[in-house]
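Here is the structure we will look at, set down as structure tokens.
The values are calculated or read from the model by the stated rules, or taken from the named source; none is laboratory data. Not measured: the values here are computed from a predicted model. Glycine gets a Cβ as well: all are built from the backbone with ideal geometry, and neighbour counts include every protein chain shown. SASA here: full protein model, heavy atoms, side chains in, ligands and nucleic acids out. Shrake-Rupley method; radii C 1.70, N 1.55, O 1.52, S 1.80 Å.
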Amino acid sequence: MCLPTVFLNGHYMPLAEAHISPLDRGFIFGDGVYEVIPFYDGRALRLTEHLKRLQRSLDELEIANPYSIAQWETHIGGLVTHNNGGNIGVYIQVTRGVAKRDFPPPKGLTQTVFMMANPLATPKREVYEKGISCVSLDDNRWLRCHIKATALLGAVMLKHQSNQEGADEALLFRDGYLTESSASNIAAVKNGVILCPPLDNLILPGITYELMIELAQKAGMPLQIRRVSRREVNTADELWIMSSTKEVVPITTLDNKPVGHGEHSGKPGPVFTKMYALFQDYKRGLQPLAHH
Ligand SMILES: Cc1ncc(COP(=O)(O)O)c(C=O)c1O
């Protein structure tokens, strides 16, 4: 369950009092978008970038943004305060609103805005030390994965399949090239070079992905943004997942085989370890919300 106080259409309330019509197009069609924004000790990680991506997702669906950036900051700040700050993942969902069930999106609906605060479940130390396991699966989601849409059945089914096959996550490939995983972006490392799939309609432009690229470039770590083939993934020295809730986590097993070579085979690699440290440094420099 989420933390006690949620936000619905301009009001803070206990979760049990938050009611939404079953005719909400978010419920009927998955006609909505969402964001997850991490807060560390009440300090947001890349709030502006998350709100910009929310705007882009809304634009794609032609849903008007119900709030200005300043209003979002106020409402989000209020939610964090109501739930006593700390390490929180703020979940925001905006749907097109309530209407008679019909496919064409009607104009002029009042958007439904729901926000909740979840304890930020950053992986435990042992997960960073041991890494996670993945299976390779065909990316059979739709072709608009750049939109952070609430309709996530493709991702739900792939994640479920990976778990049924005994793995933590699914590593997804489309036409022989790496896309992402069900809920995070992926980077590979080969001969000391970080390889990141390019941003297109096949992957979500992750805020963590963009931050990692920025941190790597600032630190002078070799990095290429380009398509990564399945063969390159299978022979990679390192693989990581990146997301707002997971931060950066090494993948140490792929399709039941250890990732990497030599002393780092099946273990987190040196490039991951450096990236993880850069990310933790960046977190320590975050400013309180009022400074955004
Ligand atoms: C499909 C997918 N890719 C990537 C990400 C990572 O994005 P971010 O770093 O903005 O959390 C997510 C996060 O939920 C996701 O669902």
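Summary of values
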| item | result |
| --- | --- |
| Local electrostatic count at C196 - Lys and Arg +1, Asp and Glu -1, tallied over other residues with Cβ under 14 Å | -3 |
| Fraction of beta bridges assigned by DSSP in the chain that are antiparallel (%, nearest 5) | 80 percent |
| 0 to 90° range, to nearest 10: angle between helix 207-218 axis and the chain longest Cα axis | 50 degrees |
| Probe 1.4 Å - accessible area at L61, Å² to nearest ten | 30 Å² |
| Per-peptide average of other Cβ atoms within 10 Å, ordering 178-187, 257-266 highest first | 178-187, 257-266 |
| At R0 = 25 Å, FRET efficiency that the Cβ-Cβ distance of E232 and L152 yields, to 0.05 | 0.35 |
| Pairwise label distance in nanometres, A64 with E129, each label 7 Å out on the Cα-Cβ vector | 5.5 nm |
| Alpha-carbon centroid distance for the pair the stretch 34-88 / the stretch 123-158, whole angstrom | 22 Å |
| Percent RCO, i.e. relative contact order, over the stretch 5-119, from Cα pairs under 8 Å lying at least 6 residues apart | 38 percent |
| Integer Hz, Karplus 6.51/-1.76/1.60 couplings in order for the stretch 30-36, x for Gly and Pro | x, 8, x, 10, 8, 9, 10 |
| Percent accessible area from carbon and sulfur atoms, the chain, protein chains only, probe 1.4 Å | 54 percent |
| The stretch 125-283: relative contact order as a whole-number percent, Cα under 8 Å and 6+ apart | 26 percent |
| Net charge of neighbours whose Cβ lies under 15 Å from the Cβ of Q55, counting Lys and Arg as +1 and Asp and Glu as -1 | -1 |
| Global form of the stretch 135-292, assessed from the alpha-carbon gyration tensor, a/c cut-off 1.5 | oblate |
| Electrostatic dipole magnitude of the chain [Cβ: Lys, Arg +1; Asp, Glu -1; Cα centre; debye, to 20] | 180 debye |
| Candidate lysines - alpha carbon under 26 Å from K283, same-chain residues fewer than 8 apart omitted | K52, K124, K130, K148, K218, K246, K267, K274 |
| Using distinct alpha-carbon pairs, which all enter the 1/r mean, Kirkwood radius of the chain in Å | 20.0 Å |
| Surface per residue (accessible, 1.4 Å probe) for the stretch 220-292, Å² | 52 Å² |
| Where R141, R56 fall by accessible area, highest first, once all protein chains stay in place (1.4 Å) | R56, R141 |
| Extended-chain gain in nm, criterion 0.36 nm per residue less alpha-carbon gap, E263 and H11 | 85.2 nm |
| Estimated vicinal HN-Hα couplings, Hz - the stretch 135-143 in sequence order (Karplus 6.51, -1.76, 1.60; Gly, Pro = x) | 10, 7, 9, 6, 7, 9, 6, 6, 9 |
| Whichever aspartates and glutamates have a C-alpha closer than 15 Å to that of K159, once near sequence neighbours (fewer than 8 apart) are set aside | D138, D139, D168, E169, E180, D255 |
| Angle in degrees between helix 270-284 and the longest Cα principal axis of the chain, rounded to the nearest 10 | 30 degrees |
| Length gained when the stretch K100-Q224 is fully extended (0.36 nm per residue, less Cα-Cα span) | 39.8 nm |
| 0 to 90° range, to nearest 10: angle between helix 153-164 axis and the chain longest Cα axis | 40 degrees |
| Mean separation of Cα contacts under 8 Å, 6 or more apart, over the residue count of the chain: relative contact order % | 19 percent |
| Summed residue charge, Cβ within 9 Å of F29's Cβ, Lys/Arg positive, Asp/Glu negative | +2 |
| Residue-averaged [θ]222 nm for the chain, counting only DSSP H segments that reach four residues, each worth -39500 (n - 2.57) | -8500 deg cm²/dmol |
